[in-house]
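What follows is a short report on a single structure.
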Amino acid sequence: MKWIQYLSLCLIFTDSAFSANITEVETLYTNLLSGYNKYVRPLTSTSVPVYVNATFSLVGIQEFDEVNGKFSVIGFFTITWSDSRLAWTPLLYSNLSTIELPESQLWIPNLTLINSYDRIEGLGRGIVPVTVTSTGMAYWSPGDVISSTCDIDVTYYPFDTQSCSMMLTCWGFTPTAIVTQAQDTQISLDYFSEHGTWELLDKKLNTFLTSTSSFISIDMKLKRRPAFAVINIVLPMVFMVVLNLLVFVLPVESGERVSYSITVLLAIAVFLTLVGDNLPKTSKPTAMLSYFLLADLVLSSLICVFVILGLTIYYKDDSEKPVPNIIARIVKFCCHSQKWTGRIKNQTIVEPYKDNSADKKFSLPDYDEEDGDEVKVTWKMVSNCFDWIVFVTCLLVIVILTILYFSMTM
């Protein structure tokens, strides 16, 4: 047991012997910064550039403004470079191998966002310390809200996918002086929080090096979560147009057809005004949803016109202006050939009593006959047939438009 206690005392003594105190840290700080010029980039040779390596960690997506083309994320970089002026011998400072130096006192790469949305400025606010090792390697981790421009394509809104890039370079330096490169192509998501509207599909950190420029690009591919727009925009519009079709089921004698159709049309117009505030205000390209909503509005307007035409036909006087033969034939073929005319031709009714005479047969009493078996078509029959044709046609148009929209956007 004594040898164990002796070994523990030796370890404690050794650790205390090689642990730097505050005086040695201050001494190292003074020695490193004495005569240090932060405006001169670290050089080993004027023919060799400084290699600035960067990685990026994404914390979250703050904003994606489709109207103004603004894309903002929250994240931080880990930037490393070598500065031989900051190297020291650890044994001279109680084996001290790392030290934190203020950002404002050292040369740091002026990594600048090229496609910034607001203004062009370098990373860092002078508050993040730089960790320096005894070999002269510097580690700097500035974090900020980064806002860049992004080309928005809302053709398939709200089932759209967007690709945005953030390009950073050491502004004012050619590749012969500073080479900016990505240390890792993958973006770290260790601190990432999911966004309610956008789903992150892909992310990469790429390096672009030419004879005149050197920069890194943060590329992200995002997919919109469409549930909100479908529930609050697309489906309500489809339901309102279908509701407008019920005007043809409403009895003509109620006298409410015109007011009903106009009321639904106004409701759709007001709804479109509210929806327009949430749609991307861009004409290049225009969202297919805008065309879909416009088609619904046009269809509702046509329904109002068809309702007025149907009522005009319904209240025409048969005695003053009989139904033309061609219209009568169309009505019989489309609506009454099997329902009414066929019954009259194929069915007879036998009276429930018998007399000394032969059985007496007669046709249905509700319809007038012409030329023996032919039904006399009235304007009311024309109006009812017109309503049925318009109802079926508009319903098919709505179904086709809805299927086309979802098939082309999803």
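The values are calculated or read from the model by the stated rules, or taken from the named source; none is laboratory data. The model shown is predicted, which means the values in this text are computed figures rather than measured ones. Because the Cβ atoms are built from the backbone with ideal geometry, glycine has one as well, and the counts that use them run over all protein chains shown. Surface accessibility is based on the protein's heavy atoms, side chains included, excluding ligands, DNA and RNA. Shrake-Rupley method; radii C 1.70, N 1.55, O 1.52, S 1.80 Å.
Observations on the model:
- When all alpha carbon pairs of the stretch 36-116 are counted in 10 Å bins from zero, the resulting P(r) reads 13, 33, 29, 17, 8, 2, 0 %.
- Square roots of 5 times each gyration tensor eigenvalue, C-alpha, the chain, largest first, Å: 86, 23, 16
- Surface accessible to a 1.4 Å probe, Leu297 within the full protein complex, Å²: 50 Å²
- Cα-based helix-to-principal-axis angle, 288-314 vs the chain, degrees rounded to 10: 10 degrees
- ³J(HN,Hα) computed for each position of the stretch 138-154 - Karplus, 6.51 cos²θ - 1.76 cosθ + 1.60, integer Hz, glycine/proline x: 10, 10, 10, 10, x, x, 5, 8, 9, 10, 10, 7, 8, 6, 9, 10, 9
- Distance (nanometres) between label positions extended 7 Å along Cα→Cβ at Leu43 and Ile114: 2.6 nm
- Here the Karplus relation 6.51 cos²θ - 1.76 cosθ + 1.60, evaluated at θ = phi - 60°, turns the backbone of the stretch 114-129 into coupling constants of 6, 9, 5, 7, 8, 8, 8, 8, x, 6, x, 10, x, 10, 9, x Hz, with x for every Gly and Pro.
- Applying the Karplus relation 6.51 cos²θ - 1.76 cosθ + 1.60 with θ = phi - 60° to the stretch 230-246 yields 3J(HN,Hα) values of 5, 6, 9, 10, 5, 5, x, 5, 5, 5, 5, 5, 5, 4, 5, 5, 5 Hz, where x marks Gly and Pro.
- Normalised by the number of residues in the chain, the mean separation of alpha-carbon contacts (under 8 Å, six or more apart) gives a relative contact order of 14 percent.
- Distances between placed amide hydrogens fall under 5 Å for Ile178 paired with Val50, all partners being 5 or more residues away or on another chain.
- Segment Asp277-Leu309, length gained on full extension (0.36 nm per residue, minus Cα span): 8.0 nm
- Contact order normalised by residue count of the stretch 213-346, Cα under 8 Å, 6+ apart, percent: 26 percent
- For Thr273, solvent-accessible area (1.4 Å; no DNA, RNA or ligand), Å²: 90 Å²
- Helical mean residue ellipticity (222 nm; -39500 (n - 2.57) per DSSP H run of 4+; nearest 500) of the chain: -10500 deg cm²/dmol
- Contour minus Cα-Cα distance for Arg225 and Thr135 (0.36 nm per residue): 27.6 nm
- The chain: angle of helix 22-33 to the longest principal axis, Cα-based, in degrees nearest 10: 80 degrees
- Rounded to 5, the percent of DSSP beta bridges in the chain classed as antiparallel: 90 percent
- Length added when fully stretched, Ser213-Ile389, from 0.36 nm per residue minus Cα-Cα: 56.6 nm
- Å² per residue, accessible surface of the chain at 1.4 Å: 57 Å²
- Just the protein heavy atoms count here, and of the accessible area of the chain at 1.4 Å, carbon and sulfur take up 59 percent.
- Comparing Glu103, Glu199, Glu253 in a Gaussian network model of the chain (Cα springs below 10 Å), the most mobile by mean-square fluctuation is Glu253.
- Between 0 and 90°, nearest 10: helix 257-276 axis offset from the chain longest Cα axis: 10 degrees
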